[in-house]
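Everything on this sheet refers to the single structure shown next.
The values are calculated or read from the model by the stated rules, or taken from the named source; none is laboratory data. Because the structure is a prediction, the values reported are computed rather than measured. Methodologically, a virtual Cβ is constructed for each residue, glycine included, from the backbone with ideal geometry; neighbour enumeration extends over all protein chains shown. Keep in mind that these areas ignore ligands, DNA and RNA; they rest on the heavy atoms of the full protein, side chains included. Shrake-Rupley method; radii C 1.70, N 1.55, O 1.52, S 1.80 Å.
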Amino acid sequence: MISRKIPAEVSLVLDKIKKKLPGNYLLLLCLLLILILGGILPNLISGQWSWLDQARIGNIQKMRALQESGIKFSALKTTDQSQGEIGEGKWSIQVVESPDGKRITVLLKPQIYYKNQPGLEWSDIGSISRWNQGETTELSIPTQSGGKATARFYRAWTQNTFAVVQWYAWLGGGHYDPSVWYWLDQWAQLKRQRVPWIAISLMIPLDPMKELQTLTPFALNLATEVQSYLEQNVLSQLTSVPQSKKEK
(Lines give C-alpha, C1' and ligand atoms only; values in the text may rest on other atoms or scores of the structure.)
Protein backbone atom coordinates (compact mmCIF):
# COMPACT_ATOMS: atom_id res chain seq x y z
CA MET A 1 0.00 0.00 0.00
CA ILE A 2 1.24 3.49 -0.84
CA SER A 3 1.89 5.60 2.24
CA ARG A 4 -0.42 8.57 2.72
CA LYS A 5 2.22 10.52 4.69
CA ILE A 6 3.67 13.42 2.70
CA PRO A 7 7.47 13.06 2.42
CA ALA A 8 9.69 15.87 3.70
CA GLU A 9 10.94 16.62 0.17
CA VAL A 10 7.38 17.11 -1.07
CA SER A 11 6.55 19.36 1.89
CA LEU A 12 9.56 21.51 1.06
CA VAL A 13 8.44 21.87 -2.56
CA LEU A 14 4.93 22.78 -1.43
CA ASP A 15 6.28 25.46 0.89
CA LYS A 16 8.16 27.03 -2.01
CA ILE A 17 5.16 26.84 -4.36
CA LYS A 18 2.83 28.23 -1.69
CA LYS A 19 4.61 31.56 -1.86
CA LYS A 20 4.15 31.79 -5.65
CA LEU A 21 0.71 30.35 -6.31
CA PRO A 22 -2.74 31.74 -5.41
CA GLY A 23 -4.77 29.77 -2.91
CA ASN A 24 -7.02 28.06 -5.50
CA TYR A 25 -4.09 26.70 -7.48
CA LEU A 26 -2.43 25.48 -4.32
CA LEU A 27 -5.63 23.67 -3.33
CA LEU A 28 -5.79 21.94 -6.72
CA LEU A 29 -2.15 20.96 -6.44
CA CYS A 30 -2.71 19.47 -2.98
CA LEU A 31 -5.72 17.50 -4.22
CA LEU A 32 -3.66 16.12 -7.10
CA LEU A 33 -0.91 15.14 -4.68
CA ILE A 34 -3.40 13.31 -2.46
CA LEU A 35 -4.69 11.40 -5.46
CA ILE A 36 -1.18 10.37 -6.44
CA LEU A 37 -0.13 9.36 -2.92
CA GLY A 38 -3.46 7.60 -2.35
CA GLY A 39 -2.89 5.32 -5.30
CA ILE A 40 -5.66 6.41 -7.68
CA LEU A 41 -3.44 7.62 -10.49
CA PRO A 42 -1.10 4.58 -10.29
CA ASN A 43 -4.19 2.39 -10.50
CA LEU A 44 -5.40 4.32 -13.54
CA ILE A 45 -2.05 3.89 -15.28
CA SER A 46 -1.63 0.20 -14.43
CA GLY A 47 -5.28 -0.80 -14.82
CA GLN A 48 -5.15 -2.58 -11.44
CA TRP A 49 -8.26 -1.17 -9.79
CA SER A 50 -8.73 -2.01 -6.11
CA TRP A 51 -12.47 -2.60 -6.53
CA LEU A 52 -12.15 -4.76 -9.65
CA ASP A 53 -12.88 -8.01 -7.79
CA GLN A 54 -15.70 -6.78 -5.57
CA ALA A 55 -18.72 -7.64 -7.68
CA ARG A 56 -19.68 -10.83 -9.47
CA ILE A 57 -22.52 -11.34 -11.92
CA GLY A 58 -25.40 -13.20 -10.34
CA ASN A 59 -27.71 -15.51 -12.30
CA ILE A 60 -24.98 -15.78 -14.93
CA GLN A 61 -26.40 -19.12 -16.05
CA LYS A 62 -28.72 -17.00 -18.21
CA MET A 63 -25.67 -16.02 -20.24
CA ARG A 64 -24.54 -19.63 -20.56
CA ALA A 65 -28.02 -20.69 -21.67
CA LEU A 66 -27.93 -17.99 -24.37
CA GLN A 67 -24.59 -19.31 -25.59
CA GLU A 68 -26.07 -22.80 -25.85
CA SER A 69 -29.43 -22.04 -27.45
CA GLY A 70 -29.25 -18.64 -29.18
CA ILE A 71 -32.22 -16.32 -29.75
CA LYS A 72 -35.86 -17.00 -30.55
CA PHE A 73 -37.05 -14.69 -33.33
CA SER A 74 -40.63 -13.73 -34.03
CA ALA A 75 -40.63 -14.05 -37.84
CA LEU A 76 -37.33 -15.80 -38.59
CA LYS A 77 -36.92 -19.58 -38.60
CA THR A 78 -33.80 -21.06 -37.03
CA THR A 79 -32.27 -23.62 -39.39
CA ASP A 80 -29.08 -24.31 -37.43
CA GLN A 81 -27.61 -23.42 -34.03
CA SER A 82 -24.38 -24.57 -32.39
CA GLN A 83 -21.46 -23.37 -30.31
CA GLY A 84 -18.14 -22.67 -31.93
CA GLU A 85 -14.72 -21.26 -31.15
CA ILE A 86 -13.93 -17.90 -32.71
CA GLY A 87 -10.69 -16.45 -31.45
CA GLU A 88 -10.34 -16.93 -27.71
CA GLY A 89 -13.96 -17.61 -26.81
CA LYS A 90 -17.08 -19.62 -27.56
CA TRP A 91 -19.87 -18.11 -29.60
CA SER A 92 -23.44 -19.10 -30.32
CA ILE A 93 -23.53 -19.56 -34.09
CA GLN A 94 -27.11 -19.40 -35.30
CA VAL A 95 -28.45 -19.41 -38.85
CA VAL A 96 -31.96 -18.05 -39.36
CA GLU A 97 -34.08 -17.74 -42.49
CA SER A 98 -36.41 -14.90 -43.37
CA PRO A 99 -39.78 -15.46 -45.12
CA ASP A 100 -38.19 -14.41 -48.45
CA GLY A 101 -35.45 -17.04 -48.08
CA LYS A 102 -32.63 -14.79 -46.84
CA ARG A 103 -30.21 -16.79 -44.63
CA ILE A 104 -28.76 -14.65 -41.85
CA THR A 105 -25.96 -15.62 -39.47
CA VAL A 106 -26.35 -14.45 -35.87
CA LEU A 107 -23.21 -14.63 -33.72
CA LEU A 108 -23.49 -14.10 -29.96
CA LYS A 109 -20.75 -14.08 -27.35
CA PRO A 110 -22.11 -13.44 -23.84
CA GLN A 111 -19.94 -12.57 -20.85
CA ILE A 112 -19.94 -15.93 -19.07
CA TYR A 113 -17.32 -15.03 -16.42
CA TYR A 114 -17.26 -11.88 -14.35
CA LYS A 115 -13.64 -11.04 -15.24
CA ASN A 116 -14.17 -11.29 -19.00
CA GLN A 117 -13.83 -8.01 -20.88
CA PRO A 118 -14.73 -7.21 -24.49
CA GLY A 119 -12.08 -6.08 -26.90
CA LEU A 120 -11.02 -8.56 -29.59
CA GLU A 121 -14.37 -9.85 -30.82
CA TRP A 122 -14.50 -7.90 -34.09
CA SER A 123 -10.91 -8.64 -35.04
CA ASP A 124 -11.45 -12.33 -34.19
CA ILE A 125 -14.42 -12.49 -36.57
CA GLY A 126 -12.54 -10.60 -39.25
CA SER A 127 -9.50 -12.87 -39.04
CA ILE A 128 -11.51 -16.09 -39.33
CA SER A 129 -13.77 -14.73 -42.08
CA ARG A 130 -10.90 -13.14 -44.02
CA TRP A 131 -13.26 -10.74 -45.68
CA ASN A 132 -12.68 -7.35 -47.19
CA GLN A 133 -14.37 -4.47 -45.43
CA GLY A 134 -15.89 -1.58 -47.33
CA GLU A 135 -18.30 1.22 -46.61
CA THR A 136 -18.91 1.68 -42.88
CA THR A 137 -21.54 3.66 -41.01
CA GLU A 138 -23.50 3.44 -37.75
CA LEU A 139 -26.95 2.26 -36.69
CA SER A 140 -28.78 3.69 -33.70
CA ILE A 141 -30.72 0.85 -32.07
CA PRO A 142 -33.53 1.80 -29.65
CA THR A 143 -33.58 0.07 -26.26
CA GLN A 144 -36.49 -0.88 -24.02
CA SER A 145 -35.68 1.88 -21.55
CA GLY A 146 -35.75 4.61 -24.17
CA GLY A 147 -31.98 4.74 -24.63
CA LYS A 148 -29.98 3.59 -27.61
CA ALA A 149 -27.24 1.19 -28.62
CA THR A 150 -24.78 2.26 -31.32
CA ALA A 151 -23.76 -0.46 -33.79
CA ARG A 152 -21.32 -0.30 -36.65
CA PHE A 153 -22.82 -1.25 -39.99
CA TYR A 154 -20.59 -2.12 -42.92
CA ARG A 155 -20.21 -4.01 -46.18
CA ALA A 156 -18.00 -7.13 -46.14
CA TRP A 157 -17.19 -9.55 -48.93
CA THR A 158 -15.17 -12.60 -49.92
CA GLN A 159 -16.91 -14.87 -52.44
CA ASN A 160 -20.21 -13.55 -51.04
CA THR A 161 -21.23 -10.09 -49.94
CA PHE A 162 -22.78 -9.24 -46.57
CA ALA A 163 -24.10 -6.33 -44.59
CA VAL A 164 -22.60 -6.71 -41.11
CA VAL A 165 -24.00 -5.23 -37.88
CA GLN A 166 -21.84 -5.41 -34.74
CA TRP A 167 -22.19 -4.08 -31.21
CA TYR A 168 -21.88 -4.95 -27.53
CA ALA A 169 -25.30 -4.98 -25.88
CA TRP A 170 -25.95 -4.24 -22.21
CA LEU A 171 -29.07 -3.35 -20.28
CA GLY A 172 -30.40 -0.04 -21.56
CA GLY A 173 -27.71 0.53 -24.17
CA GLY A 174 -24.74 -0.73 -26.11
CA HIS A 175 -21.88 0.28 -28.38
CA TYR A 176 -19.46 -1.29 -30.83
CA ASP A 177 -16.48 0.38 -29.11
CA PRO A 178 -15.43 -1.69 -26.05
CA SER A 179 -13.98 1.38 -24.33
CA VAL A 180 -17.52 2.74 -23.89
CA TRP A 181 -18.42 -0.40 -21.91
CA TYR A 182 -15.17 -0.22 -19.94
CA TRP A 183 -15.84 3.19 -18.42
CA LEU A 184 -19.49 2.39 -17.73
CA ASP A 185 -18.42 -0.76 -15.92
CA GLN A 186 -15.76 1.07 -13.90
CA TRP A 187 -18.38 3.60 -12.79
CA ALA A 188 -20.80 0.80 -11.91
CA GLN A 189 -18.13 -0.92 -9.80
CA LEU A 190 -17.88 2.17 -7.63
CA LYS A 191 -21.48 1.36 -6.66
CA ARG A 192 -20.69 -2.38 -6.29
CA GLN A 193 -22.53 -3.12 -9.52
CA ARG A 194 -21.58 -4.44 -12.96
CA VAL A 195 -22.49 -3.91 -16.61
CA PRO A 196 -22.73 -7.40 -18.16
CA TRP A 197 -22.22 -7.44 -21.93
CA ILE A 198 -23.06 -9.56 -24.96
CA ALA A 199 -21.18 -9.26 -28.27
CA ILE A 200 -23.42 -9.48 -31.34
CA SER A 201 -22.51 -9.82 -35.00
CA LEU A 202 -25.21 -10.10 -37.66
CA MET A 203 -24.28 -11.16 -41.20
CA ILE A 204 -27.02 -10.34 -43.71
CA PRO A 205 -26.67 -11.35 -47.39
CA LEU A 206 -26.32 -8.32 -49.64
CA ASP A 207 -26.60 -8.13 -53.41
CA PRO A 208 -23.09 -7.05 -54.50
CA MET A 209 -24.62 -4.65 -57.02
CA LYS A 210 -26.67 -2.81 -54.40
CA GLU A 211 -25.74 -0.10 -51.93
CA LEU A 212 -25.35 -0.92 -48.23
CA GLN A 213 -28.14 1.51 -47.37
CA THR A 214 -30.71 -0.64 -49.17
CA LEU A 215 -30.54 -3.03 -46.21
CA THR A 216 -30.63 -0.35 -43.50
CA PRO A 217 -34.34 -0.78 -42.59
CA PHE A 218 -34.09 -4.56 -42.45
CA ALA A 219 -30.81 -4.49 -40.49
CA LEU A 220 -32.19 -1.95 -38.00
CA ASN A 221 -35.37 -3.97 -37.42
CA LEU A 222 -33.35 -7.14 -36.89
CA ALA A 223 -30.87 -5.45 -34.54
CA THR A 224 -33.73 -3.91 -32.56
CA GLU A 225 -35.35 -7.32 -32.11
CA VAL A 226 -32.03 -8.80 -30.94
CA GLN A 227 -31.41 -5.96 -28.46
CA SER A 228 -34.97 -6.19 -27.12
CA TYR A 229 -34.80 -9.97 -26.71
CA LEU A 230 -31.46 -9.83 -24.89
CA GLU A 231 -32.61 -7.08 -22.54
CA GLN A 232 -35.90 -8.74 -21.71
CA ASN A 233 -34.82 -12.37 -21.46
CA VAL A 234 -31.18 -12.23 -20.36
CA LEU A 235 -29.69 -8.90 -19.28
CA SER A 236 -32.59 -7.82 -17.06
CA GLN A 237 -32.34 -11.14 -15.22
CA LEU A 238 -28.75 -10.57 -14.08
CA THR A 239 -27.74 -9.15 -10.71
CA SER A 240 -24.59 -7.94 -8.96
CA VAL A 241 -23.25 -10.21 -6.24
CA PRO A 242 -20.89 -9.10 -3.40
CA GLN A 243 -17.36 -10.49 -3.50
CA SER A 244 -18.01 -12.82 -0.56
CA LYS A 245 -20.61 -14.75 -2.54
CA LYS A 246 -19.75 -17.13 -5.34
CA GLU A 247 -21.33 -16.65 -8.72
CA LYS A 248 -23.73 -19.35 -9.82
Quick one: net charge of Tyr154's neighbours, Cβ under 11 Å, K/R +1, D/E -1? 0
Cα-Cα over 24 Å: which of Lys115/Lys191; Lys62/Lys90; Lys72/Lys191; Lys77/Lys109? Lys72/Lys191
Are there any chymotrypsin sites (Phe, Trp or Tyr not before Pro) in region 51-105 that are in a DSSP loop and have at most 16 other Cβ atoms within 10 Å? List them by number. Trp51
For Asn221 and Leu190, what is the calculated FRET efficiency with R₀ set at 41 Å and r taken between the beta-carbons, to the nearest 0.05? 0.65
Label-point gap, in nm, between Trp183 and Gln213 - each point 7 angstrom along Cα→Cβ: 3.1
Label points 7 Å out from Cα along the Cβ direction at Gln237 and Ile128: separation in nm? 2.4
By average C-beta atoms within 10 angstrom, highest first, the peptides 135-146, 162-173: 162-173, 135-146
At 1.4 Å probe size, with the rest of the protein present, what percent of the exposed accessible area of region 117-248 is carbon and sulfur atoms? 52
